[in-house]
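First up is the structure itself, then whatever we jot down about it.
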Amino acid sequence: MPERTEAPLSPSQERVRKAMTGLLARAGLEYRGGFVNLPGGLRVHYLDYGPIAAPDDADAPVVMLVHGGGAGSAMWYRQIAALSTRFRVIAPDNPLFGLSTQTSIPWPIEDSITGYMTSFMDALGLKNVLLAGLSLGGFAGLLMAARHPERISKLAVLDAAGLGRDLPWPLKFMSLPVAGRLLSNPSRRTYRSFFRRWEVERPGGPDAEAYEEYSFAIMRQDGHNRAIAQTVPAFASLAGQRRLISDAELAAVSAPTLIVWGARDRLFPVSHAQRAFENIPGAMLHILPDTGHVTLWDATEQVTELLTGFFSDEWAPPRKSIATEEVS
């Protein structure tokens, strides 16, 4: 078990830490986490809640929550609070986000992501996990399940990247050198506009200010905008998403798989979810009405209930099925 001692933080990291603890407190969570050093000079921060298995119970289920291409681990604050009553829950700040190393993710992006994921799991002694991933985190989960099926017991993907070319124009423009440097360093007003226009349907709420403070503090962290500008071309081009998960890779996903998607996702349309559903054996697709890309924000209670039920021992794999109330 890696030590939980915190590394010295820079002033910009202190702002992230303060905003993170403020957001976690909205769900009644005190900070619990640590840092781990990984190959390639990566120092990864992670949150760690719930019961920790005894040494003779190494197979006790662990839920890993993997965030997308923005903010960091604390964006799962509501899900952590609910799931940690039954499971050990680990949520890493992926490299480039949160309090982890601000470094670009090199091409080929699939090798970089799966290499990081396996190294992180190895460092924490996790043989396999119940994994939920949002957006880029869903892309990571699908790749892990296809390449390392023994490491993923169950997989939940929420509005995952890598399932179609579609991409909004701001992210396409960020793949250009000059535009990338400008758009990767947004003002608070520009960030708020992007969040409300592209990512969610319900931007308000009692936690909105705390969530915005957390996300914006990460964007303003030293080295973040440079690393983002270097990373986006590995993920996107003017033609859209660069690396798509193939039908063969989707078919290789043998873990029970829950696909959750916002019916009004403006980043990755529902057709991406349907492609995954059609190709992953035994998958279940749940489309949430009046919900945008960040489903765990727009439909917090529904997402939490779906994940809790799916990860429980009582959940029985259905025959290939779809649950939907609205697709628009």
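The values are calculated or read from the model by the stated rules, or taken from the named source; none is laboratory data. Note that the coordinates shown come from a computational prediction; the quantities given were computed from them, not determined experimentally. Quick reminder, even Gly has a Cβ in these numbers, built from the backbone with ideal geometry, and neighbours come from all protein chains shown.
Exactly one residue among 140, 156 is modelled with pLDDT of 80 or more, among the small types (Gly, Ala, Ser) and part of a helix (DSSP H, G or I), and that residue is 140.
To keep it simple, each residue is scored yes or no on (1) outside any loop (DSSP other than H, G, I, E, B); (2) modelled with pLDDT of 95 or more; (3) over 24 Å from residue 9 (Cα atoms).
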position	(1), (2), (3)
60	no, no, yes
64	yes, yes, yes
77	yes, yes, no
81	yes, yes, yes
86	no, no, yes
95	no, no, no
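Within region 67-94, residues that are closer than 15 Å to residue 305 by Cβ have Cβ atoms under 6 Å from residues that are small (Gly, Ala, Ser) and in a strand (DSSP E or B) in these pairs: 76/91, counting only partners at least 6 apart in sequence or on another chain. In region 218-239, how many are surrounded by 19 or more Cβ atoms within 10 Å (Cβ to Cβ) and over 14 Å from residue 96 (Cβ atoms)? The qualifying residues number 1. Which numbered condition trips up residue 107, out of (1) in a strand (DSSP E or B); (2) modelled with pLDDT under 95? Just one mismatch for residue 107, condition (1).
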